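The structure appears right after this line, and notes come after that.
The values are calculated or read from the model by the stated rules, or taken from the named source; none is laboratory data. Everything numeric in this text was worked out from a predicted model, so none of it was measured. Don't worry about glycine lacking a Cβ; one is built from the backbone with ideal geometry, like all the others, and counts go over all protein chains shown. Calculation scope for accessible area: heavy atoms of the full protein, side chains included, ligands and nucleic acids excluded. Shrake-Rupley method; radii C 1.70, N 1.55, O 1.52, S 1.80 Å.
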Amino acid sequence: MPVLWFSFSAATAIAYSILHFTSKRKKATVEFLFSIALIFAGIITALKLVWLKPVYFPLVISASVFYSWQSVVPLSFLIMLLRLKALFRNETFLEEIAFSASLLLTAVISSIILDRFRKGKGKDYTVLKTIKHAATAMPETDTESIDGNEAVSHYFSSMLKTEEEIKELLLAIKHAVFANSVNFFMLCQNSFMLRCSTEEKGDIIVTGKGIVAECFKTKKAFYSGEINEDISEIGYIKNNKVSSILAVPVMDGHALTGVLTADSSIYHAFSEPVRNTTQMFAAHLVRIIERERIYPKLKRDYDGLKILNEESSKLVSSLNLNVIAENLCEGAEKIASSYALFFMVSGKQFELIHHTRSISGNKTVFDLKGTFINIAVENRQPIYMADMKDYRASVLPFSAGNIRSIFVIPLIYESKLPGLFIMSSEKADFLDTFQIELLKVMCNQAATSIANAKLHTEIEKLATTDGLTGLFNHRVFQEKLSEELKKLSRYSEPSSLLLADIDFFKKINDTYGHPAGDFVLKEVSKIIREAIRDIDIPARYGGEEFAAILPRTDSKGAMNIAERLRKAVMSASFDIGIISPIRPIQVTLSIGVATTPSDAKTKEELIEKADHALYHAKHNGRNRSVLWSEIKN
């Protein structure tokens, strides 16, 4: 009674959907998901479309994206219960066991992958947020609330106005102490230079000696109310007469930052209170200079955190290993301008996946033994060598120009080493502590992303390939054939389909057992992969049947490939002695061939014609290849 059954199933699904989503997905999760699976089961049963049962795999994987394993794994068990009737049939028992095991494994692996992905992403973003908050923290002000990036930009912009601030401060000193001019000098190699003055440019000429030089040397204040000597002895020359001069060292703790001078044409112009006022202004000048000095570091650190945030987002957004390696190297170069390389572990060797500097030769797989970077691999600890001038051994497994300093980070994920990241420079000591920490955080994120990408590849393989033969499964075969026919609608080239069946395969299972049959299926699959072309698409169609999609191939070309495959299988011996103590056995193939658009216009017609050709081959002697076009009349 399908109408009644589907009505109750739909009502059940709607009821649990309302309960589930109104509670913000906190209640009836398994019931809600299972009600969807139940509708799928009803469709499959009512329409007798057994081949649709792989639809449960994307359902389980999709559920893993939004729900935890506590919901997904029970769901897979409940779906297995829907297949109990088919499980107790002898002809489908093994198939249902394999299906149920694959579904459960997919649920477990996908739940583990996504759970680790969420935890890794959450952990790294917490670290980034903490670092960024510490670096960009600013004291509270009475100004209106503004965006964080705007606040930092405003802060940095104010720091760029140092020169104007110093000039304004000198003018304030000039008016406060009634001086003719106020000047600020800073050290320059073995002498000193004029940094800022209240006079016009060119009015002050530095002599490099005299009172200012002595003040730099002794770090003590100097005052003279009567200057009758040569004016050059004060340390600079100016157009107007100087009768009084006050020189004050600008000290940042015990470090000398510069010398502040005030001069006047009046004798004894600066009293003791005036001198104290000048000292106070000098202290304020220290704070301006200090802020100017730390600006480049703050700006670089802020930019580094911003880059880290942006590049880490790129790392977690991709499941392609090459894209992850490229994003890691490009992001690292933005943090520290140098050369970046990334090696992926390949057995006991390392494969160069991405690099941003030219290297000699076209080799990509290397043995790192005997090189400097192998130390990081063996110790599994980052190594920073600030100066490699005296290092004589090989640094990299290939010639890469002059390397003066290098930073090597082994990527570690759950005690495993998936890759090795390297930054090198032709300059000594090209990294500071902050940059090193940023690169470590980025590499930690990359290690997590690489592990997720590998697990994703494994799950994708489980969902798309046949577990026994390694060929594409039936679902993917259908998808690939549909894609090929869509291409055909745009181009005028033909495409062909082979359907092959192992002759008397049931006899092999009955005589030697199912393990022997499985062995023969695996070996025939290998022969199929070797016999067809790289552009062809092999698949396990079901049981002992195989399929091969032959793009851009007419009937004649398809027949040549089919015969090559048939003869290769016929001439092969399958040694099942490891399973059954007998001599090697031989098998043969019957193959049906159909071509589109000459034989069929649609996917269904093409499969049907190839199947008819296969049927004809099997009922006319077996061990032969038959074209549909030869028997259609």
For a Förster distance of 51 Å, can you work out the FRET efficiency between the beta-carbons of Arg533 and Ala15, rounded to the nearest 0.05? 0.40
For Ile266, distant residues with modelled amide H under 5 Å away: Ser243, Ser244
Roughly how many nanometres apart are two label points built 7 Å out from the Cα toward the Cβ at Asn239 and Met570? 11.1
Lys440 to Glu168: extension gain in nm, 0.36 nm per residue of separation minus the Cα-Cα distance? 93.5 nm
Evaluate the distance, in nm, between pseudo-label points positioned 7 Å from the Cα of Lys601 and of Trp69 along their respective Cα→Cβ axes. 5.2
If the cut-off is a Cα-Cα distance under 20 Å, which aspartates and glutamates reach Lys334, setting aside same-chain residues fewer than 8 apart in sequence? Asp124, Asp301, Asp303, Glu310, Glu311, Glu326, Glu426, Asp429, Asp432, Glu437
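Please label the shape of segment 385-442 as rounded, prolate or oblate, based on the square roots a ≥ b ≥ c of the eigenvalues of the alpha-carbon gyration tensor (a/c under 1.5 means rounded; beyond that, a/b larger than b/c means prolate, else oblate).
Values: a/c = 2.65, a/b = 1.39, b/c = 1.91.
Oblate, because a/c is 1.5 or more while a/b does not exceed b/c.
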Whole-Hz Karplus couplings 3J(HN,Hα) for segment 413-419, θ = phi - 60° and coefficients 6.51, -1.76, 1.60, Gly and Pro as x, run 9, 6, 6, 10, 10, x, x
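Suppose the chain between Ile39 and Thr218 were pulled fully straight at 0.36 nm per residue; how much longer would it get relative to their current alpha carbon spacing? Let's see the in-between values first.
Numbers: separation 179, 0.36 × 179 = 64.44 nm, distance 9.16 nm.
Working it through step by step, the gained length comes to 55.3 nm.
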Give me the one-decimal nm value for the distance between modelled label points at Lys334 and Ile97, 7 Å along each residue's Cα-to-Cβ direction. 5.4
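Take each of the peptides 531-537, 613-619, average the number of other beta-carbon atoms within 10 Å over its residues, and list them starting from the highest. It would help to have the intermediate numbers written out before the result.
Numbers: 531-537: 15.0, 613-619: 19.9.
Top of the packing list down: 613-619, 531-537.
So which of Lys506/Lys567; Lys348/Lys416; Lys487/Lys601; Lys161/Lys219; Lys567/Lys601; Lys556/Lys609 end up more than 23 Å apart by C-alpha?
Working: Lys506/Lys567 21 Å; Lys348/Lys416 13 Å; Lys487/Lys601 13 Å; Lys161/Lys219 28 Å; Lys567/Lys601 30 Å; Lys556/Lys609 16 Å.
Exceeds cut-off: Lys161/Lys219; Lys567/Lys601.
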With a 1.4 Å probe and every protein chain left in place, tell me how much accessible area Leu321 has, in Å² to the nearest 10. 60
Once the whole set of protein chains is in place, how much accessible area is left on His175, using a 1.4 Å probe, in Å² to the nearest 10? 130
